[in-house]
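Asks: Structure provided below as structure tokens; questions to follow.
The values are calculated or read from the model by the stated rules, or taken from the named source; none is laboratory data. Quantities reported herein were computed from a predicted structural model and do not represent experimental measurements. Neighbour counts are summed over all protein chains in view; Cβ atoms, including those assigned to glycine, are modelled from backbone coordinates with ideal geometry.
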Amino acid sequence: MRFLAIFAAAVVLTPLAALAQTDREDVDRAACAELVKSFSLIETTADSTIEDIDAGCRVTNVFAGTSSYNRYRIGSATLTAPDLFTRDLKDALPSELDLAITGFQIAPDTGSLLNNYIIENQSEPLNIHLSYRWDKAAQTAELTDLSVTSPGYGSFRIEGRLSEIDLDRFVDAAADFPGAIDAVTVEIVNARFFSAMTVPALLGLLPYDSDPRPLVADYKKAAIAFIAALPTDNMADESKAALGALVESFPRMEGDYVVQMRADPPLALTTLTGGNPAEITGLIARMQISAEHTPAVQP
């Protein structure tokens, strides 16, 4: 599940870079097939369809991957952006974009049709959605939705607002990517699903040659103490209890959660990626945070 989620994120983000680097001068609206070809991760077959739609493209039954074993099926992907086919997008990103992917699942080509069929049927398909709006003049961006959903199992969703943001810098993959966080909302439906995506990566950061359980217990204790010590002006006691429940249930997290964070003044993205834990902790303590927890229904 973790590798599926990581590759899903790559499939979502790679088209953005490809869009920004594709020269669409003198391109007409029949260019969806060429646009798909520009995405090196995408593989089409005889069953694939590529359709021109209003302000965008829709593809069905395609594969994405870097090799025959690292390969995933996409049932349908719809990409729309008002300025998708304008020449102004050279070396830039669309000012508004919506990308919806359904039926994203593991689909390696093992050389055996039977094995391929078995593996695909053991994989839970994911639905992925990315939607944003960017006002270049005002340097503000709304991440209206970034979500990963496994129907009938759970979902993870982020929305947020950024200021002082220049998405053109995304093309350059600059280390000093500009921008600041004004507000972020995280919604988790069935934290077990969230655990499957995130916990293996987090535990992988621990020393490989020692028992991780004492370290996990110490980190949990420290995190809960940090939450409890936050001023009630920053986080109410009810929210502390909700966030504490999430930490306490690690690594087998349960229940549903909604966490909202607001920063005034906004937090610069570069300060959050600076690698200074003390500074990051201080910045978090400056935010207004609310959290809600709905316990899992026990059978």
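Asks: Name the residue, out of Thr102, Thr110, that is within 20 Å of Ala196 (Cα to Cα) and modelled with pLDDT of 85 or more.
Replies: Thr102
Asks: Would you say Ile74 is modelled with pLDDT of 90 or more, closer than 22 Å to Ser150 by Cβ, in contact with a Gly (Cβ under 7 Å, 6 or more places away or on another chain) and hydrophobic (A, V, I, L, M, F, W, C)?
Replies: yes
Asks: In this structure, is Ile289 modelled with pLDDT under 85, surrounded by 14 or more Cβ atoms within 10 Å (Cβ to Cβ) and either out of contact with any Asp or Glu (no Cβ under 9 Å at 6 or more places or on another chain) or part of a strand (DSSP E or B) (or both)?
Replies: no
Asks: Let me ask something additional. Any residue in region 39-56 that is of a type in the set (Phe, Trp, Tyr) sitting within a Cβ distance under 7 Å of a residue that is not in a loop (DSSP other than H, G, I, E, B)? List the pairs, counting only those 6 or more apart or interchain.
Replies: Phe39/Thr14; Phe39/Pro15; Phe39/Ala18
Asks: Also, I was wondering about something else. Those residues that are touching a strand residue (DSSP E or B) at 6+ places or on another chain (Cβ under 7 Å) and at pLDDT below 90, I need them from region 126-139; list them, please.
Replies: Matches in region 126-139: Trp134, Gln139.
Asks: Looking only at region 171-194, which residues are modelled with pLDDT under 90 and surrounded by fewer than 19 Cβ atoms within 10 Å (Cβ to Cβ)?
Replies: Val171, Asp172, Ala173, Ala174, Ala175, Asp176, Phe177, Pro178
Asks: If you check Val258 against the conditions, is it of a type in the set (Val, Ile, Thr) and at pLDDT 95 or above?
Replies: Yes, satisfied.
Asks: Here are Pro231, Pro214, Pro200: which of them is assigned to a loop (DSSP other than H, G, I, E, B) and over 22 Å from Glu159 (Cβ atoms)?
Replies: Going through Pro231, Pro214, Pro200 in turn, the sole match is Pro231.
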